[in-house]
Amino acid sequence: MLIKVRKSWELKDSDVTAQSLYLNRRQIMAGAGIAIATAALPSLAFGKAYDSAVKTKYGDDETLTSFKDITSYNNFYEFGTDKRDPSRTARALTTKPWSIKVEGECNKPGTYNLEDILKNQTVEERVYRLRCVEAWSMVIPWNGIPMANILSQFEPNSNAKYVQFDTLFRPEEMWGQKRRFLTWPYQEALRMDEAMHPLTLAAIGLYGDTLPKQNGAPIRLVVPWKYGFKSIKSIVAIRFTRRRPKTSWNMMNAREYGFYANVNPAVDHPRWAQDRERRIGDFFKTDTKLFNGYASEVASLYDGMNLRTNY
Amino acid sequence: MKAAVKSALKNKAAKPVVWLVCLTPLTYLVAIGPDGWGANPVEMFNRFLGDWGLRGILLTLCITPLAKITGQPGILRFRRLIGLFAFAYVCLHLSSYVVFDQFFDVAAIWKDIVKRNFITVGMISFVLLVPLAVTSTQGFKRRLGARGWQRLHRLIYVIAMGAVLHNIMMVKANYTEATIHAVILAALLGWRISQSAHRMSISGKQPEISA
């Protein structure tokens, strides 16, 4: 008999707000608002996009990194290599309309509008730790949808062993792409079981509001147990493949950036000691945990694998 | 014009002006405050102070060619001051790493020096720079003799190459600034090589002339 044990981050059906209801929340509230004292109205009228995102228990014990730090300290080389560059120049990016091209080993390839992909999906809030390979970290309240719910819409077939993601290539809006810092478009990939893991998120917001452009608007990947560079931003292509796809940083320097890039304090990086990290906002470093503290959920994905050689 | 520059260099106010110029990066760092330091002040301090330490070394190496090319030997009297400022920025850079980044964690620092090549190179360059700062006084110049002092201070070429290499090796993807530093150093060392080649060709011919 199969007994389903609900994990801490999983939702009960009763917790879920249907996207249709969620999208209509303003009309519903506007209706209710007539009956409510007028003083309460401004906060409703100017509410944030994902204020009503379903809360999950993730990150309950964590102190959130400030909105300012999350949105002004970004590695997004499409907008320059200085971490302050994206917050200064990402406004040039057009995120509407946005479509995603789906290709490869699946039953429903094609080009989809982002709104269609997000239709009927429940937006959740997930407070995740983000650990950069540069030995700093943040705690970010994402708003998003489990990536599995996105990918399953395209019905990947049994040949799909990996899924590859591409970032937008649009040098006229992303000035960093005029320089060859990396091979453009930026591309990342996950093994299918990693991509379908319940922790893996397709983020469309943070701090309850639409995703800022410097953080990868309008939709990005968030894989909290891997170094940040795996969590590709501003996704325009999803490709289901049989073979392991090439990934940007790995192509640039394979010795320093592995395909798996799982957070692992025991596997040193040639440039940065990985046993500790500086949480943005803290002075003293904290110990880095295996799989960024998500080992109980994800370690089984790598059973029998040598994490030192498969870094 | 040349005479005006010459007298300006000799002016009593010249040294305080050089002091002020050399203090500008540090003043800027303090003036921008927490807002300007951004989300990761430790990283910001490390990089800013390291950049200016390296630029200070390059500036020091500019003095002799500048004096020769412009025919203004008066510039030379600022070389020691600028060199010591470069050393001061390098010391602040190292302090920022030891105090802010590692908080005196000797084991972690040692591991970095041994395991991370760019830190190995940076630390060797620093160790070599110390004797140059110590022997920069007139007293040491006398004790070592002009030739001995000059031989010791030629270490600056090795140190500058080490510093530029340290800079290049810490870059992840954008080599623009590190390349500019490297090109400037190459030009400064190239000028010295051509000068000494010129001197050697002259002294090589001398016996023939006298003979």
(Q) For a Förster distance of 22 Å, can you work out the FRET efficiency between the beta-carbons of residue A:84 and residue B:176, rounded to the nearest 0.05? (A) 0.90
**Q.** Shape box of the range B:2-186 [Cα atoms, principal axes, largest first, Å]
**A.** 52, 39, 30
Q. When only alpha-carbon atoms count, how far does the protein assembly as shown stretch along each of its three principal axes, as whole angstroms with the largest first?
A. 105, 59, 44
**Q.** Restricting the range A:44-78 to chymotrypsin sites (Phe, Trp or Tyr not before Pro) in coil, as DSSP defines it, with at most 14 other Cβ within 10 Å
**A.** A:46
Q. If you take every DSSP beta bridge whose two residues both sit in the range A:48-302, what share of them, in percent to the nearest 5, is antiparallel?
A. 80 percent
Q.
Using a Gaussian network model on chain A with a 10 Å cutoff between Cα atoms, which of A:125, A:297, A:194 fluctuates the most?
A. A:297
Q: Could you work out how far the C-alpha centroid of the range B:94-111 sits from that of the range A:163-208, in angstrom?
A: 35 Å
Q: Report, in debye and to the nearest 20, how large the dipole of the range A:48-302 comes out about its Cα centre when Lys and Arg carry +1 and Asp and Glu carry -1 on their Cβ.
A: 640 debye
Q: Between residue B:66 and residue A:91, take the C-beta separation as r, use R0 = 51 Å, and let me know the FRET efficiency to the nearest 0.05.
A: 0.75
Q: Place the peptides B:26-35, A:227-236, A:146-155 in order of packing, highest mean first, counting for every residue the other Cβ atoms within 10 Å and averaging per peptide.
A: A:227-236, A:146-155, B:26-35
Q) So what are the radius of gyration and Dmax for the Cα set of the range A:136-256, in Å? A) 14.3, 39
Q. Using a Gaussian network model of chain A with C-alpha springs under 10 Å, which one of A:271, A:279, A:242 is most mobile by mean-square fluctuation?
A. A:271
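Ignore the peptide's own chain and count Cβ atoms of other chains within 10 Å of each Cβ in B:35-42; give me the average, rounded. Walk me through the intermediate numbers first.
On the way: counts 1, 1, 0, 9, 15, 8, 1, 4.
Mean partner-chain Cβ count within 10 Å for B:35-42: 5.
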**Q.** Integer Hz, Karplus 6.51/-1.76/1.60 couplings in order for the range A:184-194, x for Gly and Pro
**A.** 9, x, 4, 9, 9, 7, 10, 5, 4, 5, 5
Q. Hey, got the average number of other protein chain Cβ atoms within 10 angstrom for residues in B:173-179?
A. 4
Q. Which of the helices in chain B meet the span-like rule: DSSP H, Cα axial reach of 30 Å or more, Kyte-Doolittle mean at least 1.0?
A. B:14-37
Q: Please give the helix A:25-35 orientation as an angle from the longest Cα principal axis of chain A, in degrees from 0 to 90, rounded to the nearest 10.
A: 30 degrees
Q) Most fluctuating residue of A:188, A:124, A:134 in a GNM of chain A with Cα springs under 10 Å: which is it? A) A:134
Q. Under the classification rounded if a/c is under 1.5, otherwise prolate if a/b is larger than b/c and oblate if not, where does the range B:111-189 fall, given a ≥ b ≥ c as square roots of the Cα gyration tensor eigenvalues?
A. oblate
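Sort B:92-99, B:12-19, A:112-119 by packing, meaning the average of other beta carbons within 10 Å per residue, with the highest value first.
B:92-99, A:112-119, B:12-19
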**Q.** Shape category assigned to the range A:48-302 from the gyration tensor of Cα positions, a/c cut at 1.5
**A.** rounded
Q. How many Cβ atoms of partner chains, on average, are near each residue of A:175-182 if near means within 10 Å of its Cβ?
A. 2
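Give the value in nm², to one decimal: projected area of the alpha carbon convex hull of the range A:196-264, averaged over all directions.
Average projection, Cα convex hull of the range A:196-264: 5.7 nm².
Go ahead and estimate [θ] at 222 nm for chain A from helices alone: -39,500 (n - 2.57) per DSSP H run with n ≥ 4, summed, over the residue count, rounded to 500.
When only DSSP H runs of four or more count, the value is -3500 deg cm²/dmol.
Computed from the coordinates by the stated procedures, all read-outs in this text should not be read as laboratory data. As the structure is a computational prediction, the values presented were derived from the model and not from experiment. A quick note on method: Cβ atoms are made from the backbone with ideal geometry, for glycine too, and the neighbour counts reach across all protein chains shown.
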